[in-house]
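Below you'll find the structure, written out as structure tokens, and then a few comments.
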Amino acid sequence: MHRYHALSLHGKKTGNSVRLNKALFTLLDDLKEIQISVNKEVPTCEIIDYQPSVHLKANLRPYQLEGVKWLIQHYQQGFGACLADDMGLGKTLQTIAALLYVKENGALSTASNATTQLNIFEQTYQQDYYQSLHALIILPASLVFNWEKELKTFAPHLMRLKYIGSKRKVHEKLLHRFDVVLTTYQTALKDKDILKKYQFECIVLDESQHIKNKSSQVFKAINELKAGYKISLSGTPIENSLADIWSQMQFINPTLLGSFNFFQKHFITPIEKQRNELRTEDLRRIVQPFLLRRTKQAVAKDLPALSTQVVYIDMSEEQEKIYEREKSAVRNHLLEHYQLGDFTYRSLVLQSLTKLRLIANHPILSVPTFEGSSGKFSYILHQLDIIRKSGHKVLVFSAFTKHLALFEQELMQQGATYCKLTGQDSALQRDKAVEEFQNNSSISTFLISLKAGGTGLNLTAADYVFILDPWWNPNAEDQAIARAHRIGQTRPVFATKFIAKDTIEEKNTHASRPQTPIGR
């Protein structure tokens, strides 16, 4: 009875036959005795033959090459796909490589299916219109610049547009001209009626856990958008419950798991409340072909011992306003009191620059009455959550102890265990914190001030290193990274430096040394 249960649950009886959605093909694997009649070839899990585009400006590691093939296979078979690799393994790069394949080899449907009418001034661009990839990438506001930078690095010939901000409306009739359109979840919600007019070739959701709430307006708006191929990218496809995976699958392959009420009755309740192993196995078989997750441990042989990347993060709107206001005030004040060579003036310059650096991290560090958000703080908190849920450990370095205190406060509110080390700690406290982090598997985060923890520590339990803010001397950052990447470390280490876009941090990073972004 169990062998045929999934088939009876998902199949639709028509006469003497049972019709099954082609996305559920894995349910037939153990039913070889059944006579199958199909209009098209039954999908398989075999990896296709693929050679990276000559226009891709990157060398794919073996597991990345496999991931791109997997994405392309789903495109060819008419399925959506969820790429859920560990953080740092290059989900962005793999997606860009797949998009290049679609542009160069896919049967682009944009021209024949677009509902937007070209006006007389747009006729000149008809050639570009028919050849554009027409992909829409929806992502958190803090990552727009990072995606733009990686597109420019890895696929510079793709025409791209940032459809964000108050001036975006001037582009609303021109979206079809671009290969890639970058927008945010909130913009997609606000402009859903505009975006619904287009038949996109591909829609990509980065940090797709933003649609995990099936009742949210964002989930509903995004599921109204039309595309022939859909990709979701997430380091944590299931954060809280099985309802998260239903939302993910509903986006990439609608109806795969039935209505939410159906899913709740036949999967959530039996699995989460009754611990039904048979239903767990049924769900795994259904979802497995459309979700690819590789951990660092699984692909360790393909990784270098140390990977370093710089992530540029946009400030929040309220953060940007206060930063620009303070920058103008600092500039005017310094010009009015200009005294070359004067010690007091040099001290004033340093104080002013430090204040700007604090605002770039979080305005509340400089303006205690600030009640808004910080783009960098929000993004890093989410990354820490992913690391914790993935079973990894991370060293978090900052030049400012009160910046670490913000993260400490948030971790405490979440009930997350952590260790902390600053210059105020004694040698005994220092040794105790190191031993606890190294040996306690429940502690995933170690908050360390850059000066106190830059040297003399052996923290090989960590395989991620976060540098929250750049230091004047980049050698201090290298020493911090060396706390994890040292003799005794048996796993690859990912080091990430977080930079607030269009701030003094970005200028300091460019001045200290050249940085080459890598695929996230």
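Counting Lys and Arg as +1 and Asp and Glu as -1, each charge on the Cβ, what is the dipole of the chain about the Cα centre in debye, to the nearest 20? Before the final figure, lay out each step's value.
Details: 64 positive and 52 negative charges, 133 e Å.
Computed about the Cα centre, the dipole is about 640 debye.
Multiply the residue separation of VAL54 and GLU272 by 0.36 nm, subtract the distance between their alpha-carbon atoms, and state the gained length in nm to one decimal.
Contour length minus Cα-Cα distance gives 73.7 nm.
Please compute the length gained on full extension between SER216 and LEU428, using 0.36 nm multiplied by the number of residues separating them and subtracting their Cα-Cα distance.
Difference between extended and current length: 71.4 nm.
Residue by residue through segment 317-329, which ³J(HN,Hα) values in whole Hz follow from phi under the Karplus form 6.51 cos²θ - 1.76 cosθ + 1.60 (θ = phi - 60°), with glycine and proline marked x?
Values per residue, Gly and Pro as x: 4, 5, 5, 5, 4, 5, 5, 5, 5, 5, 4, 5, 5 Hz.
What order do you get for HIS362, HIS382, HIS333 when you list them from fewest to most C-beta neighbours inside 10 Å?
On the way: HIS362 26, HIS382 16, HIS333 12.
Least to most surrounded, the residues fall as HIS333, HIS382, HIS362.
Tell me, what HN-Hα J-couplings in whole Hz come from the Karplus equation 6.51 cos²θ - 1.76 cosθ + 1.60 at θ = phi - 60° for each residue of segment 158-164, using x for Gly and Pro?
6, 6, 10, 9, 8, 8, 9
Below 8 Å between Cα atoms, with a sequence gap of 6+, how large is the relative contact order for segment 239-322 in percent?
Contact order relative to length: 16 percent.
Can you tell me the FRET efficiency between ALA405 and GLN186 if r is taken as the Cβ-Cβ distance and R0 is 22 Å, rounded to the nearest 0.05?
0.15
Applying a 10 Å radius around every beta-carbon, put 67-75, 256-264 in order of their mean neighbour count, most first.
67-75, 256-264
Rounded to the nearest Å, what's the spacing between the alpha carbon centres of segment 249-271 and segment 473-496? Just the number, please.
For segment 249-271 versus segment 473-496, the Cα centre distance is 43 Å.
Given ASN59, VAL170, LEU89, which one lies farthest toward the positive end of the charge dipole of segment 44-295, if we put +1 on the Cβ of every Lys and Arg and -1 on the Cβ of every Asp and Glu?
In segment 44-295, that residue is VAL170.
May I ask you to compute the full-extension gain from GLN76 to LEU306, defined as 0.36 nm times their residue separation minus their alpha-carbon distance, rounded to one decimal in nm?
On the way: separation 230, 0.36 × 230 = 82.80 nm, distance 3.53 nm.
The GLN76-LEU306 span can extend by a further 79.3 nm.
Using the Cα centre as the reference, give the magnitude of the dipole from point charges on the C-beta atoms of segment 44-295 (Lys, Arg: +1; Asp, Glu: -1; all else neutral), rounded to the nearest 20 debye.
560
Looking at this model, which pairs from LYS22/LYS273; LYS451/LYS507; LYS169/LYS226 are more than 24 angstrom apart at the alpha-carbon? Don't skip to the end; give the middle numbers.
Numbers: LYS22/LYS273 30 Å; LYS451/LYS507 22 Å; LYS169/LYS226 20 Å.
Violating the 24 Å Cα-Cα cut-off are LYS22/LYS273.
Tell me, what ³J(HN,Hα) does each residue in segment 478-493 have, in order and in whole Hz, if you take phi through Karplus 6.51 cos²θ - 1.76 cosθ + 1.60 with θ = phi - 60° and put x for Gly and Pro?
4, 5, 5, 4, 5, 5, 9, 8, 8, 4, x, 7, 9, 10, x, 10
Could you check what % of the DSSP bridge pairs in the chain are antiparallel, to the nearest 5?
About 5 percent, rounded to the nearest 5.
Ranked from highest to lowest mean number of other Cβ atoms within 10 Å per residue, what is the order of the peptides 279-289, 198-208?
The peptides rank, most packed first, as 198-208, 279-289.
Find the relative contact order for segment 157-209 and round it to a whole percent, using C-alpha pairs within less than 8 Å whose residues are 6+ positions apart.
Answer for segment 157-209 is 35 percent.
Under a point spin-label approximation (7 Å from Cα along Cα-to-Cβ), what is the LYS167-ARG331 distance to one decimal in nm?
1.7
At a Förster distance of 22 Å, what's the computed FRET efficiency of HIS2 paired with LYS22, Cβ-Cβ distance as r, to 0.05?
The computed FRET efficiency comes out at 0.45.
At 7 Å along the Cα-to-beta-carbon direction for both GLU371 and THR280, put a label point, then send me their distance in nm to one decimal.
4.7
Given Cβ point charges of +1 (Lys, Arg) and -1 (Asp, Glu) and nothing else, what value in debye, to the nearest 20, does the dipole of segment 157-302 about its Cα centre take?
Here the size comes out at about 360 debye.
Since every read-out is calculated from the coordinates, none of them should be taken as a lab result. These numbers were taken from a predicted model, which means no experiment stands behind them. Cβ coordinates were reconstructed from backbone atoms using ideal geometry, including for glycine residues, and neighbour counts include every protein chain displayed.
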